[in-house]
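Working notes for the structure below.
The values are calculated or read from the model by the stated rules, or taken from the named source; none is laboratory data. Everything numeric here is computed off the predicted structure, so don't read it as measured data. So basically every Cβ, Gly included, is an ideal-geometry build from the backbone, and we count neighbours across all protein chains shown.
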Amino acid sequence: MQKHLLTALLLFALLSSCAEQEPATESNQNTNIEVNYPETAKVDQVDDYHGTEIEDSFRWLEVDTAANVKEWVDAQNVVTQGYLDQIPFRKAIEERLTDLINYPRLSSPYNVGEYYFFNKNDGLQNQSVIYYQKGLEGEPEVFIDPNALSEDGTVSISLVGFSKDDKYVTYSRSEGGSDWNTLHVMEIATKKEMPDVLEWVKFSGASWHGNGFFYSRYPAPAEGMELSGNNQYHSVYYHELGTDQSEDKLVFEDKENPDYYHFGGVMEDGKYLILYQQPGTDGYAVMFKDLSSDGDFQMLFDGYKNKSSVVHHVNDKFLVRTDIDAPNYKLVAVDPANPAKENWEEIIGETENLLQSVNTGGGKVFVNYLKNATDYFYQCEYDGSGMKEIKLPGLGSAGGFGGEEDDEVLFYSFTSFTYPNTIFKYDIASGKSEQFYKAELEFNPEDYVEKQIFYKSKDGTDVSMFIVHKKDLEMDGQNPTYLYGYGGFNVSLTPYFSAIRMVLLENGGVYAMPNLRGGGEYGEEWHKAGMLLNKQNVFDDFIYAAEYLIDNGYTSSEKLAIAGGSNGGLLVGAAMTQRPDLFAVALPAVGVMDMLRYHLFTVGKGWIPEYGSSDDPEHFENLLAYSPLHNMKNGTAYPATLITTADHDDRVVPAHSFKFAARLQEAHEGDNPVLIRIETKAGHGAGKPIAKVIEEQADIYSFMFFNTNSPVKYLQD
């Protein structure tokens, strides 16, 4: 990682084996547990959108702090838990998940002065513990243990910036899964807490310069609206160590555009502050400020149609990864004194594969390409010469290769569906890798198959999909299958190992993950093909992935579950309302379900570049056509549905899931259950304690197996 340049990414998004046991018994099978849903009141609310009247009968559920909404939440959770408790193998699945995830996990170390920092979880710790040690041979000791800060593990900690002299570190503290953070400062050598506490921070790192650091924050929200109010005036401040936050210097604000986001960081050499200005989650402008003078910010890349990121400052030029005239991205050198496009020097040209990222360390450039949704890494000089491939263990996902100019070794991680996450040490001079840490868990990759296939979507577009299952699994259409997707915000889904997924695979299940349009796997054109007025392509890609799995014997409609979170929750909601006949189970998590009002809550307005807004007549028609909340039909047999959300989700507020659940329970006809599981003291996903993760995943897999009539080999005690 670049130690002194921490860029906040506004993506809304994106985480063994045992002895053979007894086969399933009849008690494993679905016997139609009776569900009595709580009554949900309706209000007379009609909105006029450009002459079209739209009912919003469950509008009252948007006020998540209201007493009647809390009563509704409690009543729904009672019904949901009562149903899940009756699934005969639910407890056994939870015990198996606990066993599977109970192994030590380590992050890649990174160098800070004489210390190396890393995160480690012994197995079942709710939060990973931050360690540090002197040198690579030093004895590790605890730096911060988040588990000691709360009884239920709902406090999470991240290190977000180190001082230039490596004496201090800024860390962020989040509670209950909220995006809100407080920033604190520690002296590294002594672990002494400094008095500095900065509040109302969101989407920010801490980039040190002099005796303090730059960071981004919002004004304090209105009391009672902390988790649902509209966040505006995201601005950059400078905090001097040892002073009160009220004395922080305002560095940049934009009163004319209160919805824009502003963040950035100082270049490693300390000469420039780079500032990113984003209307939302897509394009952004880039400015820079010479920190040796009192001058104003200067524009480097104006407008908001493109994405250009400053990677490094070297030889008096910025190295910039950009998609300007290069939808698959290229690397250019830009002179800050003459930043016009005609003066750029091309370092690495655009290729047919996505230039996913560029890092620097040890005086070298490290280039990451994505080819068919798998990672390839190369090392070269600052001028692009001497390009050589870094051989990875196989086809999968890798990350790392970042550091500072004087680093001699770097670290990276590698994983795939059948390759548990492993840390490697990379010697820059020799270009050789050696294994640094391998997870110790009982897992034999030879027992499983991972493959990538291509299928045709509705309009004939070729779409890639990863499929994982046990070797020699019979393709008789009877395999429980978990189809997971996202398809948005330029996010790439690549292979990764999950111990939790083993519950599915070792019970004869199939895991499928397509690379839908709207994602970033095949560059900016692939992203644009699934955004705004092209969003229906994403749902078509997902539906046709399901049909491919059925047509090729992997599964059947009676055995197929679909899942996704956030934008992926929208995906599930749209797919199940468009093709309710195609799926047995739907698992939408923290989904964006009300496409007409999403932009009115917290940071939802930042997604307008991706979705469009109902304030615009053309986009209103498009959003209404697929908005899950608005496309349910009374008397329809929808799939068995388990909606998951959390009370502290201040990114996709739980009102989306509340209203969707109420309407689905009203419209649905038949025996399939329609349940909503509302986690407490949890948010959009980040920082969720391991105990809550295990409980939630046990509920999800139990619900899926039970409602696909799939045998489960675990026996309940």
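Being surrounded by fewer than 20 Cβ atoms within 10 Å (Cβ to Cβ) and either part of a loop (DSSP other than H, G, I, E, B) or out of contact with any Pro (no Cβ under 7 Å at 6 or more places or on another chain) (or both) narrows it down to one residue among 370, 392; which is it? Break it down stepwise before answering.
On the way: 370 fails: surrounded by fewer than 20 Cβ atoms within 10 Å (Cβ to Cβ).
Going through 370, 392 in turn, the sole match is 392.
What is the number of the single condition among (1) over 24 Å from the mean Cα position of the chain (by Cα); (2) modelled with pLDDT of 95 or more that residue 222 does not meet?
All conditions pass for residue 222, except number (2).
Please go through region 179-199 and give me each residue that is within 16 Å of residue 163 (Cβ to Cβ), β-branched (Val, Ile, Thr) and not in a loop (DSSP other than H, G, I, E, B), ordered by number.
Listed by number, the list holds a single entry, 185.
Taking the residues in region 598-611 that are farther than 24 Å from residue 528 by Cβ and crowded, with 21+ Cβ neighbours inside 10 Å as candidates, determine which candidate is modelled with the lowest pLDDT. Let's see the steps before the verdict.
We begin by selecting, within region 598-611, every residue farther than 24 Å from residue 528 by Cβ; these are 600-602.
Narrowing the set further to residues that are crowded, with 21+ Cβ neighbours inside 10 Å leaves 601-602.
On the way: 601: 91, 602: 85.
That would be 602.
When you go through 615, 581, 594, 647 one by one, which is the residue that is among the charged types (D, E, K, R) and surrounded by 24 or more Cβ atoms within 10 Å (Cβ to Cβ)?
Details: 615 fails: surrounded by 24 or more Cβ atoms within 10 Å (Cβ to Cβ); 581 fails: surrounded by 24 or more Cβ atoms within 10 Å (Cβ to Cβ); 647 fails: surrounded by 24 or more Cβ atoms within 10 Å (Cβ to Cβ).
One residue alone meets the criteria, 594.
Restricting the search to region 692-710, which residues are touching a strand residue (DSSP E or B) at 6+ places or on another chain (Cβ under 9 Å) and in a loop (DSSP other than H, G, I, E, B)?
Result: 708, single match.
Look at residue 493 and say whether it is surrounded by 19 or more Cβ atoms within 10 Å (Cβ to Cβ), part of a loop (DSSP other than H, G, I, E, B) and either of a type in the set (S, T, N, Q) or within 25 Å of the chain's Cα centre (by Cα) (or both). Show your work before the answer.
Numbers: surrounded by 19 or more Cβ atoms within 10 Å (Cβ to Cβ): yes; part of a loop (DSSP other than H, G, I, E, B): yes; either of a type in the set (S, T, N, Q) or within 25 Å of the chain's Cα centre (by Cα) (or both): yes.
The answer is yes for residue 493.
I'd like the full set of residues that are out of contact with any helix residue (DSSP H, G or I) (no Cβ under 7 Å at 6 or more places or on another chain), among the hydroxyl-bearing types (Ser, Thr, Tyr) and buried (at least 19 other Cβ atoms within 10 Å of the Cβ), limited to region 258-296.
Those that are out of contact with any helix residue (DSSP H, G or I) (no Cβ under 7 Å at 6 or more places or on another chain), among the hydroxyl-bearing types (Ser, Thr, Tyr) and buried (at least 19 other Cβ atoms within 10 Å of the Cβ): 260, 272, 276, 284.
Of everything in region 166-192, what is more than 30 Å from residue 694 (Cβ to Cβ), touching a Phe, Trp or Tyr at 6+ places or on another chain (Cβ under 9 Å) and not hydrophobic (A, V, I, L, M, F, W, C)? Give them in sequence order. Break it down stepwise before answering.
Step one: list which residues in region 166-192 are more than 30 Å from residue 694 (Cβ to Cβ), which gives 166-170, 183, 185-192.
Keeping just the survivors that are touching a Phe, Trp or Tyr at 6+ places or on another chain (Cβ under 9 Å) gives 166, 168-170, 183, 185-189, 191.
If the condition is that a residue be more than 30 Å from residue 694 (Cβ to Cβ), touching a Phe, Trp or Tyr at 6+ places or on another chain (Cβ under 9 Å) and not hydrophobic (A, V, I, L, M, F, W, C), then 166, 168, 170, 187, 191 are the ones that fit.
Name the pairs whose Cβ atoms lie under 9 Å apart, with the first residue in region 199-223 and on the phi > 0 side of the Ramachandran plot, the second buried (at least 24 other Cβ atoms within 10 Å of the Cβ) and of a type in the set (A, V, I, L, M), and 6 or more positions between them or separate chains?
Hits for this filter: 203/603.
Contact list please: Cβ distance under 9 Å, first residue in region 538-551 and part of a helix (DSSP H, G or I), second residue among the acidic types (Asp, Glu), pairs at least six apart or on different chains.
Every condition considered, the pairs that remain are 540/459.
Exactly one condition in (1) touching a Phe, Trp or Tyr at 6+ places or on another chain (Cβ under 6 Å); (2) modelled with pLDDT of 95 or more is false for residue 283; which is it?
Just one mismatch for residue 283, condition (2).
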